[in-house]
Number of protein chains: 2
Amino acid sequence: MAAPATSKGEATRAAIFGAALELFRTHGYEATTMRAIAERAGVSLGSSYHYFPSKEHLILALYHHLHVLHREACAPVLARERSLAARLRGVLRAIVMTCEPFHEVSGSPFSTVADPRSPLNPFGAESAAMRREVIGLYAEVVRGSDAKLPAEVAAELPRLLWLYQMGVLYFWIMDASPGRLQTLELIDETADLIVRLVGLANLPLLRQSRRRALALVRAIAGNAPDN
Amino acid sequence: MAAPATSKGEATRAAIFGAALELFRTHGYEATTMRAIAERAGVSLGSSYHYFPSKEHLILALYHHLHVLHREACAPVLARERSLAARLRGVLRAIVMTCEPFHEVSGSPFSTVADPRSPLNPFGAESAAMRREVIGLYAEVVRGSDAKLPAEVAAELPRLLWLYQMGVLYFWIMDASPGRLQTLELIDETADLIVRLVGLANLPLLRQSRRRALALVRAIAGNAPDN
DNA sequence: GCCGAGAATTGAACGTGTTCAAGTCCCAGG
DNA sequence: CCTGGGACTTGAACACGTTCAATTCTCGGC
């Protein structure tokens, strides 16, 4: 995508990304023009396109930046908590907090989420690396918990929790409540509900449903451009 | 949005929408320019904007067009089937079939789905009328079924099924499998799973979860710009 | 038959993201 | 010190969605 070969190129790339970060945060995604980013970074319009093939690729870089912050924010919770519900709650609260400075801005870029051809599409090839990282984070959430899970459930759960996170973030984007309290309530309630449902899947009554659900998840995930 | 006052205006509006429909289907959303639509409709560029405030509003009109087709496609199934699972399956198969001609095209327009300010946002004010209609369709799905549902579940289920439909459509957009078979499998399996889960919600073991889940849904729906 | 008000229509002009051919800079190798 | 090539940089140019002041059309009321 953009691999500067010299240290000067590295600096230019960082300047462009920094300018974009600042302008996105203060003015929003759409109101920020590529010309304004270039000007603030002290480079020409064409130079920006040398490092980022499109405006959307700047958002991709922002995603990665936020993911790094999110991992750091998660670390204490994952080290401390052992119950699956608490770990889930902590990780989801952390992502909402991490993204908060970009809330007003998140609508437009997150919107391209549904376009299969967009680099921002979470299921696409260009976001595969990030997707693996996030799923890995949820694997850690599951692995470090004291929940008693059948192996086949534990194997598919991280991917499902990644989907769950996307759902929560989508809700968060729409959330206009003061202090984003609705999202926090949603997290508390659904994290709990998920853990209960996963626990119930052990009941004989639900065995068949569990088997079929797992088969479905595996069939679908098998066709995805994941690893 | 666009209310022609004369019959001539009505005809112009129809010509523009028809041209857009044809071009979207054959060339895709992004590849279709407003200039091309205007030319094919035999009007000037400015005229298009007199009837449709933006290119996205043409998609809004397309949504409505598809919804009408969907209702017609659903009618036989809803008249025939009584089991909730069969009704759900039928309605979801119908929408996938109805939208099929626009599959390659659906990515880009559906993508703006996440932008709170976009007229295409399913939770927004500009799509409130359509949202109510679709939720109404699912109310009919529930009402005409022989499923034994507690009143409070039956009250919230249509809204949740509308969400479910959006999830299925999102999957369908991404579905590259031949004949869209994966989506059909997803529909069959999840429709069944949903009905089982709803049925299980009557168990004493799940009473509390049900109560809390319903409270959450009500709290969230109360803040939405629905009616 | 004429008028006028409102609907319908026009196309030039604006700002945007993006492209690209041309230019400049840097430095390793001679 | 020169030179060549590759990284880097530039800004004009393009096509697009959108806006708007100006113009034309339509038709009911006199």
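The values are calculated or read from the model by the stated rules, or taken from the named source; none is laboratory data. Quantities reported herein were computed from a predicted structural model and do not represent experimental measurements. Backbone-built Cβ (ideal geometry, glycine too); neighbour counts: all protein chains shown. Remember, those area values only see protein heavy atoms, side chains included, never the ligands or the DNA or RNA. Shrake-Rupley method; radii C 1.70, N 1.55, O 1.52, S 1.80 Å.
Checking the stated criteria, residue A:189 turns out not to satisfy the condition of being open to solvent by 40 Å² or more (accessible area, probe 1.4 Å) and more than 21 Å from residue A:90 (Cβ to Cβ). Filtering A:149, A:214, A:206 for residues that are within 27 Å of residue A:127 (Cα to Cα) and surrounded by 13 or more Cβ atoms within 10 Å (Cβ to Cβ) leaves a single hit, A:214. Cβ-Cβ distances below 6 Å connect the following pairs, each with a first residue in the stretch A:170-188 that is in a loop (DSSP other than H, G, I, E, B), a second residue that is buried (at least 16 other Cβ atoms within 10 Å of the Cβ), and a separation of six or more residues or different chains: A:175/A:182; A:175/A:183.
Scanning the stretch B:189-212 for residues that are part of a helix (DSSP H, G or I) and in contact (Cβ under 8 Å) with a residue 12 or more places away in the chain returns B:190, B:191, B:192, B:194, B:195, B:198, B:199, B:210. Remark: residue B:201 matches the filter, which requires a residue to be of a type in the set (A, V, I, L, M, F, W, C), under 15 Å from residue B:156 (Cβ atoms) and either open to solvent by less than 50 Å² (accessible area, probe 1.4 Å) or within 8 Å of another protein chain (Cβ to nearest Cβ) (or both). For the condition within 30 Å of residue B:101 (Cα to Cα), basic (Lys, Arg) and out of contact with any helix residue (DSSP H, G or I) (no Cβ under 6 Å at 6 or more places or on another chain), residue B:210 does not qualify. For the stretch B:174-213, filtering for residues that are under 24 Å from residue B:150 (Cα atoms) and in contact with a Pro (Cβ under 9 Å, 6 or more places away or on another chain) leaves 3. Residues being more than 9 Å from DNA strand C (Cβ to nearest atom) and over 22 Å from residue A:122 (Cβ atoms): count how many of those fall in the stretch A:32-59. So the answer is 6. Residues that are of a type in the set (D, E, K, R), open to solvent by less than 20 Å² (accessible area, probe 1.4 Å) and away from every other protein chain (no Cβ under 14 Å) do not occur anywhere in the stretch A:38-57. Among the residues of the stretch A:117-140, those that are open to solvent by 40 Å² or more (accessible area, probe 1.4 Å), within 22 Å of residue A:94 (Cα to Cα) and of a type in the set (D, E, K, R) comprise A:132, A:133, A:140.
Cβ-Cβ distances below 6 Å connect the following pairs, each with a first residue in the stretch A:29-52 that is in the same structural domain as residue A:16 (by TED's automatic domain parsing) and in a helix (DSSP H, G or I), a second residue that is near DNA strand C (Cβ under 7 Å from one of its atoms) and open to solvent by 70 Å² or more (accessible area, probe 1.4 Å), and a separation of six or more residues or different chains: A:45/A:35.
Residues considered: B:159, B:212, B:180, B:196. Of these, the only one that is at positive phi and among the charged types (D, E, K, R) is B:180.
For the stretch B:64-81, filtering for residues that are assigned to a helix (DSSP H, G or I) and either open to solvent by 40 Å² or more (accessible area, probe 1.4 Å) or over 23 Å from residue B:99 (Cβ atoms) (or both) leaves 11. Anything in the stretch B:1-13 that is within 11 Å of DNA strand C (Cβ to nearest atom), aliphatic (A, V, I, L, M) and open to solvent by 30 Å² or more (accessible area, probe 1.4 Å)? List them, or say none. Listed by number, the residues that qualify are B:3, B:5, B:11. Of all the numbered requirements in (1) crowded, with 21+ Cβ neighbours inside 10 Å; (2) more than 15 Å from DNA strand C (Cβ to nearest atom); (3) at pLDDT below 95, residue A:29 misses one, and that requirement is (2).
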